[in-house]
Amino acid sequence: MADDVGRVRSLVASTGFFNAAEVDIAGELVTERLTKGTRSGYHFVLAERGSTLVAYACYGAIEGTRGSFDLYWIAVAPEEQGKGLGVQVFTRAEAAMRKAGAKHIYADTSSSDRYAGTRGFYQRMGFTEEARLSDFYGTGDGKVIYVKALAPFPPPQRHPGESRDPDSKEPS
């Protein structure tokens with residue numbers, strides 16, 4: 001919906017972690033999705049309390065790769081932090097990425113002390129630090145790149161006496 005642009009911008013701004021240009025970018029991704037639909041490459045998971053947006057994630061496949069996805073944004077309203085909403089939103093986004101064929105999820109954040117909680121969140125979600133780019137955002141503020149390798153789902157187990165799928169190419 002058109003008001004989602006303003007709601008996402010307000011949520012991102014309310015965290016106090018992002019500058020005006022970053023808030024604009026978050027809004028632009030929503031606009032892109034509303035304009036182009038799935039062709040935009042941006043997908044969203046929204047969490048609301050009543051009609052208030054309290055958390056969201058934006059993710060998408062990384063063009064030119066096979067199975068690599070980027071977690072572009074994840075944000076939780078300050079008054080809702082620490083209640084598991086970030087975990088819920090990420091879990092829903094991860095499930096959608098898996099369904100779309102994701103083999104790796106990438107996320108990045110600042111190396112500054114202020115983002116220690118964000119880095120801890122990624123680690124708790126199963127990400128590992130892959131790289132650090134010194135002074136990326138500014139002097140003394142590097143970029144930390146995380147990756148989460150997704151194990152493929154195991155094939156379904158057949159039980160003795162269970163009939164096989166008639167379209168299956170495996171021998172019976």
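The values are calculated or read from the model by the stated rules, or taken from the named source; none is laboratory data. As the structure is a computational prediction, the values presented were derived from the model and not from experiment. Methodologically, a virtual Cβ is constructed for each residue, glycine included, from the backbone with ideal geometry; neighbour enumeration extends over all protein chains shown.
Couple of notes before you dig in:
- The range 118-151 - residue that is aliphatic (A, V, I, L, M) and exposed (fewer than 13 other Cβ atoms within 10 Å of the Cβ) and, of those, modelled with the lowest pLDDT: A151
- Hey, Q81 within 22 Å of L11 (Cα to Cα) and either among the hydroxyl-bearing types (S, T, Y) or out of contact with any helix residue (DSSP H, G or I) (no Cβ under 9 Å at 6 or more places or on another chain) (or both) or not: no
- Residue count, the range 46-61 (criterion: crowded, with 16+ Cβ neighbours inside 10 Å and farther than 19 Å from A13 by Cβ): 3
- Against the numbered list (1) under 19 Å from A96 (Cα atoms); (2) among the hydroxyl-bearing types (S, T, Y); (3) in contact with a strand residue (DSSP E or B) (Cβ under 7 Å, 6 or more places away or on another chain), S40 comes up short only at (3).
- The range 110-123 residues that are within 18 Å of E22 (Cβ to Cβ), paired with ones that are of a type in the set (D, E) (beta carbon under 6 Å, 6 or more apart): S110/D141; S112/D141
- Exactly one residue among T65, T31, T91, T15 is under 12 Å from the mean Cα position of the chain (by Cα) and of a type in the set (S, T, Y), and that residue is T91.
- Candidate set: the range 73-109, residues that are free of Cβ contacts under 8 Å to residues at least 40 places away in the same chain, touching a strand residue (DSSP E or B) at 6+ places or on another chain (Cβ under 6 Å) and charged (D, E, K, R); chosen: the one farthest from L150 (Cα to Cα): E80
- Residues of the range 94-117 satisfying the condition of being loosely packed, with under 15 Cβ neighbours inside 10 Å and either closer than 19 Å to E63 by Cα or of a type in the set (A, V, I, L, M, F, W, C) (or both): A95, K99, A100, G101, A116
- Residues of the range 1-24 classified as of a type outside the set (G, A, S), part of a helix (DSSP H, G or I) and loosely packed, with under 15 Cβ neighbours inside 10 Å, total: 3
- Applying the criterion of at least 2 residues that are among the aromatic types (F, W, Y) to the strands (runs of 3 or more DSSP E) found wholly in the range 36-130 leaves 52-61, 68-76.
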